[in-house]
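Step one of this worksheet: look at the structure below.
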Amino acid sequence: MNKQEAADEQSPGELENLFDAPADGDADPFASWGSSPAAPPAPRPAERPVHAPVPQPTVHEPAPAAAAPYQQPVRARRAVVDNPNARDGQSGFRVSQDVADRLKDYRQAQDLTVTEVVIEALDHMAEDIAAAMNRARMPARVQPKRSRFAARGAQGPLKGTGPVQRWWQPTKGDRDVMAEMCDEAGVPDTPGVLIAVALNEFLPGGAMQIAGELRQQLQDDPNAKTPSDLTISRTYGVSRETARQALVQLQVEGLISTDQS
């Protein structure tokens, strides 16, 4: 070994000094090795402008209207004279669908107007208006129910009345007679009810019309045998249900017993 090599072996050398830890306050020469350059700071978002609130329009509510003074409604003495449903001198009345169908058939068979049929029906009922109205108010079944002919269901509106609208055109004389009949029947303000009841008892093919003929037969001969529903159906050309309703009407009136039917 020469002198130079021995001197290098004895001194630490500059290379060893490079790996020594840096002294306090000295920069680390290897701090940036293996790391990417620092990213620039993100820009600060701009602040949103603050807008002044938009003034809302003022809504003025209208003042409540003053309530109209109450007036007592004026009711006509007789609707047949001052009918609210009248049109072109005609007066309206309402009947059941069954009465409306029978009215149409009778008009076509007899070539009559509605007014002529209504007058015929009122003339037919004029003999005993109170009894006809009483029959229309009677229940549609026997109490207590012991008859197989008794219709089911509770008592409803007057027989013959209903929702079907019809019109007739009475003369002044007809109106006066109708007003007197309404007073006698106890329905001065509802002549349409009287017309519906009269048509129901007068027009052929209905239970009330058949019951009227059977009632007359029983009054003429109290010992006469009551026909069966099948016999009535064939005699009058109606359904057995209509025949049963006619028998029920006589049972409700007390003219026949449930055993006779």
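Tabulated data for the structure shown
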item: Chymotrypsin sites (Phe, Trp or Tyr not before Pro) restricted to the stretch 151-243 and DSSP loop, no more than 13 other C-beta within 10 Å; result: none
item: Net charge, G160 excluded, C-beta distance under 14 Å - Lys, Arg +1, Asp, Glu -1; result: +3
item: Around A136: net Lys/Arg minus Asp/Glu count, Cβ-Cβ under 10 Å; result: +2
item: Label-to-label distance, nm, for residues given as T171 and S239 (7 Å Cα→Cβ offset); result: 4.0
item: Pair D183, R44: separation of 7 Å Cα→Cβ label points (nm); result: 10.5
item: Residues in the stretch 191-223 reached by a label modelled at D128 [backbone nitrogen below 12 Å; 7 Å Cα→Cβ]; result: 212-220
item: Centroid-to-centroid separation of the stretch 211-261 and the stretch 114-133 [C-alpha atoms, Å]; result: 22
item: Heavy-atom accessible area ranking, 1.4 Å probe, most first, across K172, K159; result: K172, K159
item: Amide H contacts of V187 (H built 1.01 Å from N, under 5 Å, at least 5 apart or other chain); result: none
item: In nm, spacing of pseudo-spin labels at E116 and E213 (7 Å Cα→C-beta vector); result: 2.2
item: The stretch 177-240, accessible area per residue, ligands and nucleic acids excluded (1.4 Å, Å²); result: 46
item: Net lengthening on full extension, Q56/R137 (0.36 nm per residue, minus Cα-Cα); result: 22.4 nm
item: Selection of trypsin sites (Lys or Arg not before Pro), the stretch 189-257, meeting DSSP coil and at most 14 other Cβ within 10 Å; result: K225
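The values are calculated or read from the model by the stated rules, or taken from the named source; none is laboratory data. All values derive from a computational prediction rather than experimental measurement. In this analysis, Cβ positions are derived from the backbone assuming ideal geometry, glycine residues included, and neighbour counts consider all displayed protein chains. The protein model used for the area step is the full one, side chains on, heavy atoms only, and it has no ligands, DNA or RNA in it. Shrake-Rupley method; radii C 1.70, N 1.55, O 1.52, S 1.80 Å.
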